[in-house]
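The values are calculated or read from the model by the stated rules, or taken from the named source; none is laboratory data. Since the structure is predicted, the reported quantities are computational estimates derived from the model, not experimental observations. Using ideal geometry, Cβ is built from the backbone for each residue, glycine included, and neighbour counts are taken over all protein chains shown. Surface accessibility is based on the protein's heavy atoms, side chains included, excluding ligands, DNA and RNA. Shrake-Rupley method; radii C 1.70, N 1.55, O 1.52, S 1.80 Å.
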Amino acid sequence: MSFPEGFLWGGATAANQCEGAWDIDGRGPAESDVLTAGSVTSPRLVTYRMPDGTTGAAPRWKGAPDGAHREVLEGYRYPNHEAIDFYHHYKDDIALFAEMGFKQYRMSISWSRIFPTGMEETPNRAGLDFYRNVFLELEKYGIEPLVTMWHFDTPLHLEEELGGWQNREILPYWDRYVRTILEEYRGLVRNWLTINEINNTIQFLGAHKPATDEDYQRAYQHLHHQFLASAHAVKMAHEISDDYRVGCMICGVPHYPLTCDPADVMLAQRQMERCVLYCGDVQAKGKYPVYAQRLWNEHGVHLQTEPEDARTLAEGTVDFYTFSYYMTTCDTTHEVKETAGGNMSFGAKNPYLEYSDWGWAFDSLGLRYYLEMVYDRYEKPIMVVENGLGAFDTVEEDGSIHDPYRIDYMRAHIEEMGKAIDEGVNLIGYTSWGCIDLISAGTGEMRKRYGFIHVDLDDEGNGTLARSKKDSFHWYKQVIESNGTDLT
Ligand code: BGP
């Protein structure tokens, strides 16, 4: 039996993609609230107002023009505002998670529900109560929460006033938020994650347009502040409760060389360092890796640090390592015939792999490759906290939803996790992404569905929000019941 007793099977969501209720019970707007919907071929837009009152919308990767303030505007649709309204459906949804046998549910707290602008002295009680009620509901079924402190949703006010993570002054506000939730939920939560897919800032830099040295300076500085934020959170958690364990969260995309040309092999290694390992190394080892200086030198980056930072990082190493896993990517120094070309999926097309409708490479073996690599590197307990297939689903006339493609995808990945455990990897949990259909982070679509649970909602925001079980719901239930031995 590969999966150890007590293995934490479950599913994952994020506040901004499922809660809705974006302006209810005192919640303030977050950066995710000024994003429109896009598709695999068209980007999500960020809406803004210029100082002279004119308004506009720009691709998210480009950002609002200088001097603009991001703002919610009339005439645009913002899918995260209502999302799947988990805020009012959490009891029913958690009951369905329990029916599947979840041992763990990964979710996030929306910072602006607790501190609406991010700058208040005292927290918003209604926001704190909402999550308390969610945790109590989970407790009722013996489901452990795994709580992400930040999942793509800094309070908009902090973004606009301070420039978000770019500005070191964000740290005291972050500390206040984190201390508040750590104190509030003592006894209800044990496991926390600090910053979701922290490496996205650097791995997607230059993906849409060539990045300048100034872009790199900003990205590495932004990350430095997030590393400090993460380290503060770890330290506070350990001071506040002996029960608390805190993990990092990395977007785990292994880089393969497209050919055996040594130049390709070297390029893939360097891309892997920059895009993936850089962040995990700092958070798990408590210091910048040796190759960091080379990465900075390549773009003339001078990190602004304070004398105490090295100590802060050293004292704030994470207790466990977590990552999302959806795909692998290929690098080459040669001319590329075909690119992967999906949303948030880049690089040369791998001729040995199949790709999803959104251009994400289906590579279950890559999951084992990654697990074995990072376990060797850090020797800390690991969780796969996101994995799954975003796909179009069809609701049959009788209401049933047959999703064998999702089952095949997950079976293949779970099999590889089992093999990694047999190799000695201390893998302790798995939460598949979007266990209930939700708004896509990348495209803002609803039709890119990951769930075992279908939600009746379309891309225009129409639907009853009714929940129904897909075939994969019954399959996953059996996987959990058999602790991963029955994957048929
Ligand atoms: C990760 C995010 C999630 C999630 C997932 C799937 O990047 O942590 O928030 O959305 O990917 O991506 P998408 O929603 O673009 O399909």
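Return the residues of segment 14-29 that are of a type in the set (A, V, I, L, M, F, W, C) and touching a strand residue (DSSP E or B) at 6+ places or on another chain (Cβ under 6 Å); say none if nothing qualifies.
Result: A14, A15.
For (1) of a type in the set (S, T, N, Q); (2) touching a Phe, Trp or Tyr at 6+ places or on another chain (Cβ under 7 Å); (3) more than 14 Å from the ligand (Cβ to nearest atom), each residue gets a yes or a no:
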{"residue": "D363", "(1), (2), (3)": "no, no, yes"}
{"residue": "Y370", "(1), (2), (3)": "no, yes, yes"}
{"residue": "T394", "(1), (2), (3)": "yes, no, yes"}
{"residue": "D398", "(1), (2), (3)": "no, no, yes"}
{"residue": "K419", "(1), (2), (3)": "no, no, yes"}
{"residue": "G444", "(1), (2), (3)": "no, no, no"}
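Which of the residues belonging to segment 262-283 are among the acidic types (D, E) and surrounded by 19 or more Cβ atoms within 10 Å (Cβ to Cβ)?
The answer is D264, D281.
Tell me which residues, restricted to segment 69-121, are without any contact (Cβ under 8 Å) to a residue 60 or more places away in the chain, of a type in the set (F, W, Y) and part of a helix (DSSP H, G or I).
Residues of segment 69-121 without any contact (Cβ under 8 Å) to a residue 60 or more places away in the chain: 71-76, 78, 90-91, 94-95, 98, 119-121.
When the remaining residues are screened for being of a type in the set (F, W, Y), the result is 76, 78, 90.
Listed by number, the list holds a single entry, Y90.
Any residue at all in segment 318-325 that's within 30 Å of P43 (Cβ to Cβ), of a type in the set (A, V, I, L, M) and away from the ligand (no atom under 15 Å from the Cβ)? It would help to see each step written out before you state the result.
First, pick out the residues of segment 318-325 that are within 30 Å of P43 (Cβ to Cβ): 322-325.
If we keep only those that are of a type in the set (A, V, I, L, M) too, we end up with none.
Checking segment 318-325: not a single residue is within 30 Å of P43 (Cβ to Cβ), of a type in the set (A, V, I, L, M) and away from the ligand (no atom under 15 Å from the Cβ).
In segment 1-37, which residue that is charged (D, E, K, R) and out of contact with any His (no Cβ under 8 Å at 6 or more places or on another chain) is least open to solvent (accessible area, probe 1.4 Å)?
Initial filter on segment 1-37 (charged (D, E, K, R)): 5, 19, 23, 25, 27, 31, 33.
Next cut, out of contact with any His (no Cβ under 8 Å at 6 or more places or on another chain) only: 5, 19, 25, 27, 31.
Details: E5: 182, E19: 6, D25: 80, R27: 23, E31: 42 Å².
Top of the filtered list is E19.
Where residues in segment 122-164 are part of a loop (DSSP other than H, G, I, E, B) and among the polar types (S, T, N, Q), which of them is surrounded by the fewest Cβ atoms within 10 Å (Cβ to Cβ)? Reasoning before the result, please.
Filtering segment 122-164 down to residues part of a loop (DSSP other than H, G, I, E, B) leaves 122-124, 141-143, 151-154, 163.
With the extra rule that they be among the polar types (S, T, N, Q), the set shrinks to 122, 124, 154.
Details: T122: 8, N124: 19, T154: 20.
Selected residue: T122.
Kindly list, by first and then second residue, each pair from a residue in segment 15-32 that is assigned to a helix (DSSP H, G or I) to a residue that is of a type in the set (S, T, N, Q) and open to solvent by 20 Å² or more (accessible area, probe 1.4 Å), limited to pairs with Cβ atoms under 6 Å and residues at least 6 apart or on different chains.
Listed by first residue and then by second, the contacts come to nothing, as the list is empty.
How about segment 355-396: which of its residues are in a loop (DSSP other than H, G, I, E, B) and farther than 25 Å from T194 by Cα? So that I can check it myself, show each step before the final result.
If we filter segment 355-396 for residues that are in a loop (DSSP other than H, G, I, E, B), which is where we start, we get 356-360, 363, 379-381, 387-390, 392-394, 396.
Answer for segment 355-396, where residues must be in a loop (DSSP other than H, G, I, E, B) and farther than 25 Å from T194 by Cα: S356, D357, W358, G359, W360, D363, F392, D393, T394, E396.
Among the residues of segment 330-354 satisfying the criterion of being part of a strand (DSSP E or B) and within 14 Å of the ligand (Cβ to nearest atom), which is modelled with the highest pLDDT? Write out each step before concluding.
Taking segment 330-354 first, the residues part of a strand (DSSP E or B) are 330-331, 339, 342, 345, 348, 354.
Imposing the further condition that a residue be within 14 Å of the ligand (Cβ to nearest atom) reduces the set to 342, 345.
On the way: G342: 61, S345: 65.
Residue satisfying both the conditions and the ranking: S345.
What single numbered condition from (1) open to solvent by 10 Å² or more (accessible area, probe 1.4 Å); (2) of a type in the set (A, V, I, L, M, F, W, C); (3) within 16 Å of the ligand (Cβ to nearest atom) fails to hold for L258?
All conditions are met except number (3).
List every residue pair whose Cβ atoms lie under 6 Å apart, where the two residues are 6 or more positions apart in sequence or sit on different chains, the first residue falls within segment 166-193 and is charged (D, E, K, R), and the second residue, located anywhere, is modelled with pLDDT under 95 and open to solvent by 60 Å² or more (accessible area, probe 1.4 Å).
none
In segment 199-249, what count of residues is obtained for those that are part of a loop (DSSP other than H, G, I, E, B) and closer than 19 Å to K62 by Cα?
Taking segment 199-249 and keeping what is part of a loop (DSSP other than H, G, I, E, B), we get 199, 204-212, 241-244.
Cutting the leftovers down to closer than 19 Å to K62 by Cα gives us 199, 204-212.
Residues meeting the conditions: 10.
Taking segment 206-250 as the region of interest, how many residues are surrounded by fewer than 20 Cβ atoms within 10 Å (Cβ to Cβ) and within 16 Å of the ligand (Cβ to nearest atom)?
2
Hey, any hits in segment 106-116 for a residue that's surrounded by fewer than 21 Cβ atoms within 10 Å (Cβ to Cβ) and either over 25 Å from V246 (Cα atoms) or not basic (K, R) (or both)?
Filtering segment 106-116 down to residues surrounded by fewer than 21 Cβ atoms within 10 Å (Cβ to Cβ) leaves none.
Looking for residues that are surrounded by fewer than 21 Cβ atoms within 10 Å (Cβ to Cβ) and either over 25 Å from V246 (Cα atoms) or not basic (K, R) (or both), one finds none in segment 106-116, hence no.
Here's a check for you: in segment 350-379, which residue that is charged (D, E, K, R) and surrounded by 19 or more Cβ atoms within 10 Å (Cβ to Cβ) is farthest from R449 (Cα to Cα)? Before you say what the answer is, go through the steps one by one.
Just the residues of segment 350-379 that are charged (D, E, K, R), to begin with: 354, 357, 363, 368, 372, 376-377, 379.
Okay, now just the ones that are also surrounded by 19 or more Cβ atoms within 10 Å (Cβ to Cβ), so 363, 368.
On the way: D363: 19, R368: 24 Å.
Among those residues, the one meeting the criterion is R368.
Return the residues of segment 165-179 that are in a helix (DSSP H, G or I) and over 22 Å from the mean Cα position of the chain (by Cα); say none if nothing qualifies.
Matches in segment 165-179: P172, R176.
Tell me, which strands (runs of 3 or more DSSP E) wholly within segment 404-488 include 2 or more residues that are open to solvent by 40 Å² or more (accessible area, probe 1.4 Å)? First the steps, then the outcome.
Values: elements: 427-433, 453-455, 467-469.
So the answer is 467-469.
For segment 38-63, how many residues meet the condition of being open to solvent by 30 Å² or more (accessible area, probe 1.4 Å), part of a loop (DSSP other than H, G, I, E, B) and modelled with pLDDT of 95 or more?
Count: 5.
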